[in-house]
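**Student:** One structure, as structure tokens, below. Some questions next.
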Amino acid sequence: MSVIAKALLTRPTRLRTNAVLRDLVAEHSLNISDIIMPLFIIAGDNIKQPINSLPGQYQYSLDQLSKEALYLAAQGVHTVILFGVVTDKDSEGSAACSDDGLIQRAIVLLKNICPHWLIIADVCFCEYTSHGHCGVIHNNDVDNDMTLVNIAKQAVSHARAGVDMLAPSGMMDETIRVIREALDNTGFGDLPIMGYSVKYASAFYGPFRDAADSVPAFGDRSTYQIDPANRRESLREAYVDDLEGADILMVKPALSYLDIIRDLKETFDRPIACYNVSGEYSMIKAAAERGWIDGEKVMLESLLSMKRAGADIIITYFAKEVARGLM
Ligand code: PBG
């Protein structure tokens, strides 16, 4: 065989012979600086309530949240996204917009005890409405434009509390434009927005809805979230958010939508986030509990697949594990 023919023969296994070498050539890795941890805040005192369908995750009252925040900070977690679990629900979800609301108080508290943290607030109404939908109901469905008025109020109240980033998740048209305008008009022009730009109508959100007490009382969310059958429609949604000024574009869920993460990565020059949602987490936890899979390895493999698909940022309930370097 000629020298050239020999040189052309590749032996990919040469770069796999030991861990140091494999790490040297690894194309992707996980770092806590790219991870956002979801936290559920519940009204009341002295509550650290385990969430059955999300093993290892809890609902925290504000006093317990302080303790958990200090622990998380010591572990190296420093970016969180907050969800509220409230009892004072009404048809419009007005508790979400109060300057004295649960999330607003959580923001003030966290900024005090962990000043270096990046605090993101989910902007949505499903946790605050008596019917569990993501906005104002009119003719048995969510009314997009009536909801926009409330979205602006909620966003500004989070901003006044001192939040670092807003993440609207309700999938109403023109959400980013309305929030951007409201923030710019109230002196919060520097606050970034992470759009839940491509959010599918997914059954993978099941455990979250238990955790956030946000199961819709009637119907489902398929009149506002994207049909899982569609790929090109996700680009349309992302284009709109991009044009309206979203600073980060998100795909949600992650694991069944890796193709969409890749599409956005190749189409837009903004950072791409994905949400490794509750059902994706709980499936791994459940199978690992039964001894059917090695939970840590499957977790690592699935988070890496999101990176490989193109995610710059991952929102995940596995944040603590990533921080502890279990990966
Ligand atoms: C809506 C919202 C949902 C999630 C995050 N924000 C649920 C929904 O659309 O029903 C789901 C997150 C998860 O499943 O982990 N505010």
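Only the coordinates and a few stated rules stand behind these numbers; no lab work does. Nothing here was measured: the structure is a model prediction, and the numbers come from that model. Don't worry about glycine lacking a Cβ; one is built from the backbone with ideal geometry, like all the others, and counts go over all protein chains shown.
**Student:** So how long is each side of the stretch 30-70 along the principal axes, counting just the alpha-carbon atoms, biggest first, in Å?
**Tutor:** If we take the Cα atoms of the stretch 30-70, the spans are 35, 24, 12 Å.
**Student:** Could you work out the relative contact order of the stretch 262-327? I mean the mean sequence separation of Cα pairs under 8 Å and 6+ apart, divided by the number of residues, in percent.
**Tutor:** 46 percent
**Student:** With +1 on each Lys and Arg Cβ and -1 on each Asp and Glu Cβ, how big is the dipole of the stretch 109-211 about its Cα centre, in debye rounded to the nearest 20?
**Tutor:** In debye, rounded to 20, the stretch 109-211 gives about 260.
**Student:** Quick check for me: using +1 on Lys/Arg Cβ and -1 on Asp/Glu Cβ, what's the dipole size of the stretch 173-235 about its Cα centre, in debye to the nearest 20?
**Tutor:** 220 debye
**Student:** Which value, in debye to the nearest 20, describes the size of the charge dipole of the chain about its Cα centre when Lys and Arg Cβ atoms bear +1, Asp and Glu Cβ atoms bear -1, and nothing else is charged?
**Tutor:** For the chain, the charge dipole is close to 1620 debye.
**Student:** Set the Förster distance to 45 Å, then compute FRET efficiency between T267 and R209 from the Cβ-Cβ distance, nearest 0.05.
**Tutor:** The value I calculate is 0.90.
**Student:** Can you give the calculated 222 nm mean residue ellipticity of the chain, where each DSSP H run of n ≥ 4 adds -39,500 (n - 2.57) and the sum is split over every residue, rounded to the nearest 500 deg cm²/dmol? Intermediate results must be reported in sequence, preceding the final value.
**Tutor:** On the way: 12 runs with 129 residues, N = 327.
Roughly -12000 deg cm²/dmol at 222 nm, from the helical runs in the chain.
**Student:** On to the next question. Considering only L72, W292, V322, whose Cα is most displaced toward the positive end of the charge dipole of the chain, charges sitting on Cβ of Lys, Arg (+1) and Asp, Glu (-1)?
**Tutor:** Highest projection toward the positive end goes to W292.
**Student:** Give the range of the longest stretch in the chain that excludes all chymotrypsin sites (Phe, Trp or Tyr not before Pro) found in loop regions by DSSP and having at most 15 other beta-carbon atoms within 10 Å.
**Tutor:** In the chain, the maximal stretch lacking such sites is 1-217.
**Student:** Could you work out the Rg to Rh ratio of the stretch 151-219, with Rh taken as the Kirkwood radius (inverse of the mean 1/r over all Cα pairs)?
**Tutor:** Result for the stretch 151-219 is an Rg/Rh of 1.03.
**Student:** I need to check one value: relative contact order of the chain, counting alpha carbon pairs closer than 8 Å and at least 6 residues apart, in percent.
**Tutor:** It comes to 18 percent, rounded to a whole number.
**Student:** Another question, if that's okay. Running a GNM on the chain with Cα contacts under 10 Å, which residue among P12, P55, P271 ends up with the highest mean-square fluctuation?
**Tutor:** Looking only at P12, P55, P271, the biggest GNM fluctuation is shown by P12.
**Student:** Looking at the P(r) of the chain, how many percent of alpha-carbon pairs lie beyond 27 Å? Don't skip to the end; give the middle numbers.
**Tutor:** Details: 23596 of 53301 pairs.
I get 44 percent for the Cα pairs in the chain exceeding 27 Å.
**Student:** In the structure displayed, which of K252/K297; K67/K320; K111/K320; K111/K199; K48/K285 lie more than 25 Å apart, Cα to Cα?
**Tutor:** As for pairs spanning more than 25 Å Cα to Cα, those are K111/K199.
**Student:** What FRET efficiency do you get for R231 and D312 if R0 is 25 Å and r is their Cβ-Cβ distance, rounded to the nearest 0.05?
**Tutor:** Values: r = 21 Å, r/R0 = 0.82.
That pair, R231 with D312, gives E of 0.75.
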